[in-house]
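Asker: Here you go, one structure.
Each reported figure results from applying straightforward, stated rules to the coordinates on display, with no laboratory input. The structure presented is a predicted model; accordingly, all values stated were derived computationally and were not measured. Positions of Cβ are backbone-derived with ideal geometry, glycine not excepted, and every protein chain shown enters the neighbour counts.
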Amino acid sequence: MRAYDTIVTKRDLRHTSERPVTDDDLAPLLQAARMAGSAKNDEANRLVVCRSREVRTALAAAGDFTSWIDTVPVVIAFAAPDDKLRLFDVGRQAQNLMLAAHELGMATCPVTFQHHDRSAAAVDAPAGWTVPMAVTVGWPAADAPASPLQRRRVELGELVHEDRFPQPDEPPVTRAE
Ligand SMILES: Cc1cc2nc3c(=O)[nH]c(=O)nc-3n(C[C@H](O)[C@H](O)[C@H](O)COP(=O)(O)O)c2cc1C
């Protein structure tokens, strides 16, 4: 798949099959995350590959919209020391990982942990570290329903402004996709 096609067809998939995710399956995903740049080249983030039922269940209780994540075979938690926690860096690693997975036909979804005490405890993070996000990884279920959250994105003309935000009396801008 062309990189552009991989990017624009990626959807967040929550329903996975029984097919196990092997170390070989994960290797290119982890390498893709590793190659993301980081602010000040700190490379401060660490990834925790969570496979055990116990840890996935603990992580499922660490977010307000994560109750389903223990049904997915692998949850990759992103951790960072508090003084270097930059969500932009986490996002770049997560998106690299998810796009590499999508190109290989795997299903991924990012999730948020609102309860940082629980997410840190779930993976035994060192004191002073935060685990704000994770990405679920599996092979897509054959009979997965379309995501109820799956939706069209805002129009490009609404997403993108030129130089400044438009004034209330300016007509909406149309941009080709
Ligand atoms: C930063 C971020 C946090 C998210 N957190 C959650 C979450 O906690 N639980 C969940 O089920 N989905 C979560 N999602 C997935 C979004 O719901 C999803 O990206 C959105 O609905 C678009 O889905 P689609 O790509 O299938 O259209 C998160 C997405 C992002 C980008």
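Asker: Treating the beta-carbon of each Lys and Arg as +1 and of each Asp and Glu as -1, no other charges, what is the dipole magnitude of the chain about its Cα centre, to the nearest 20 debye?
Answerer: 240 debye
Asker: At 0.36 nm per residue, minus the direct Cα-Cα distance, what do GLU43 and ALA144 gain on full extension? Give it in nm, one decimal, please.
Answerer: 32.8 nm
Asker: What longest range of the chain stays clear of loop-exposed chymotrypsin sites (Phe, Trp or Tyr not before Pro) (DSSP non-H/G/I/E/B, at most 15 other C-beta within 10 angstrom)?
Answerer: Free of exposed loop sites, the longest segment is 69-177.
Asker: Starting from the Cα of THR6, step 7 Å toward the Cβ, then list every residue of segment 23-55 with an amide N under 18 Å from that point.
Answerer: Under 18 Å, as judged by backbone N against the label point of THR6, lie 24-37 of segment 23-55.
Asker: Can you tell me the order of 152-158, 163-169 when each peptide is scored by its average per-residue count of other Cβ atoms within 10 angstrom, highest first?
Answerer: Descending mean neighbour count gives 152-158, 163-169.
Asker: Per residue of the chain, what 222 nm ellipticity follows from adding -39500 (n - 2.57) for every DSSP H run with n ≥ 4, rounded to the nearest 500?
Answerer: Here the helix-only value at 222 nm equals -9000 deg cm²/dmol.
Asker: Mind telling me which of PRO73, PRO126, PRO110 comes out most flexible in a GNM of the chain, alpha-carbon contacts under 10 Å?
Answerer: Among PRO73, PRO126, PRO110, the largest GNM mean-square fluctuation belongs to PRO126.
Asker: Let me ask something else about it. Express the relative contact order of the chain as a whole percentage, based on alpha carbon pairs under 8 Å and six or more residues apart in sequence.
Answerer: Reported relative contact order: 29 percent.
Asker: On to the next question. When a/c is below 1.5 the answer is rounded, else prolate if a/b is larger than b/c, else oblate, so apply that to segment 19-146 with a ≥ b ≥ c taken from the square roots of the Cα gyration tensor eigenvalues.
Answerer: It comes out oblate by the Cα gyration axes.
Asker: Which far-off residues, 5 or more places away or on another chain, put their amide H under 5 Å from the one on ALA107, with H placed in the peptide plane?
Answerer: GLY138, TRP139
Asker: Report ³J(HN,Hα) in whole Hz for each residue of segment 47-52, in order, from the Karplus equation J = 6.51 cos²θ - 1.76 cosθ + 1.60 where θ = phi - 60°; Gly and Pro get x.
Answerer: Running phi through 6.51 cos²θ - 1.76 cosθ + 1.60 with θ = phi - 60° gives 10, 10, 7, 9, 10, 5 Hz.
Asker: At a Förster distance of 35 Å, what's the computed FRET efficiency of GLN114 paired with ASP169, Cβ-Cβ distance as r, to 0.05?
Answerer: FRET efficiency, GLN114 to ASP169: 0.30.
Asker: When the chain is fully extended, how far beyond the present Cα-Cα distance does GLU54 get from ASP23, taking 0.36 nm per residue of separation?
Answerer: Stretched fully, the GLU54-ASP23 segment lengthens by 9.2 nm.
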